[in-house]
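**Q** Would you mind keeping the following structure in view while I ask a few things?
The values are calculated or read from the model by the stated rules, or taken from the named source; none is laboratory data. This is a predicted model, so every value here is computed, not measured. Here the Cβ positions follow ideal geometry from the backbone for every residue, glycine too, while neighbour counts run over all protein chains shown. With ligands, DNA and RNA removed, areas are computed over all heavy atoms of the protein, side chains included. Shrake-Rupley method; radii C 1.70, N 1.55, O 1.52, S 1.80 Å.
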Amino acid sequence: ISFSAGNPPLPVDNFIASYEGDYVLLLWNQSASRDIAGYAITRREPGITAEQKLHQEPITANSYRDRNVQPGRQYIYTIKTIDNNGNESTAVEAETT
C-alpha cells in the first residue's frame, strides 16, 4: 500500500473555461501530486444540479475541448484530480458566460 492510498490528491490550479468559436476550451495547471492517473471533468448548466460526465476514462492532458455545447449558453465545469488508487481531490469549478 502506498502512502497516498487513503489521502486524496491535490486539486488543479487555475481552471478556466472559455468559448473558442463553437467549443469550450478548458485549461488548468496540473495537480502538484505525483501519483496522478488523470482528471475527471463534468458539466452542468446553472440551476441544474445533475452533472454530465464528459469522458469515460481520466484525461491525462491539462486541457480539454468540449465540442458538445451550444454557443452562448452558460456552463459550469467541475474538475477533480484522480490518483492511481482511485482517490479524488476536492472539486474545482470554472464557469463560462
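**Q** In nm, to one decimal, how far is the modelled label at ALA91 from the one at LEU10, with both set 7 Å along Cα→Cβ?
**A** Result: 2.3 nm between the two label points.
**Q** Just the number: Rg to Rh for the chain, Cα atoms, Kirkwood Rh, two decimals.
**A** Expressed as Rg/Rh, it is 1.00.
**Q** On full extension of the chain, what length is gained from TYR19 through HIS55, given 0.36 nm per residue of separation minus the C-alpha to C-alpha distance?
**A** Taking TYR19 through HIS55 to full extension adds about 11.1 nm, to one decimal.
**Q** If you don't mind, there's one more thing I want to ask. Quote to one decimal, in nm, the extra length available between ASN68 and GLU45 on full extension: 0.36 nm per residue of separation minus the C-alpha distance between them.
**A** Answer, rounded to one decimal: 7.0 nm.
**Q** For the range 6-93, with every protein chain kept in place, what is the accessible area per residue (1.4 Å probe, Å²)?
**A** 58
**Q** Hey, can you grab everything whose amide H is under 5 Å from the amide H of GLY38? Only 5+ residues off in sequence or another chain; H modelled, so Pro and N-termini drop out.
**A** ILE82
**Q** Quick one: net charge around ASN85, please, counting Lys, Arg +1 and Asp, Glu -1 for every other residue with C-beta under 13 Å from its C-beta.
**A** Its environment carries a net charge of -2.
**Q** Roll a 1.4 angstrom probe over the protein heavy atoms and tell me the percent of accessible area of the chain that is carbon or sulfur.
**A** Looking at the chain in its full context, I get 46 percent from C and S.
**Q** If packing is taken as the average count of other Cβ atoms within 10 Å, what order do 84-95, 23-34 fall into, highest mean first?
**A** Per-residue mean Cβ counts within 10 Å order the peptides as 23-34, 84-95.
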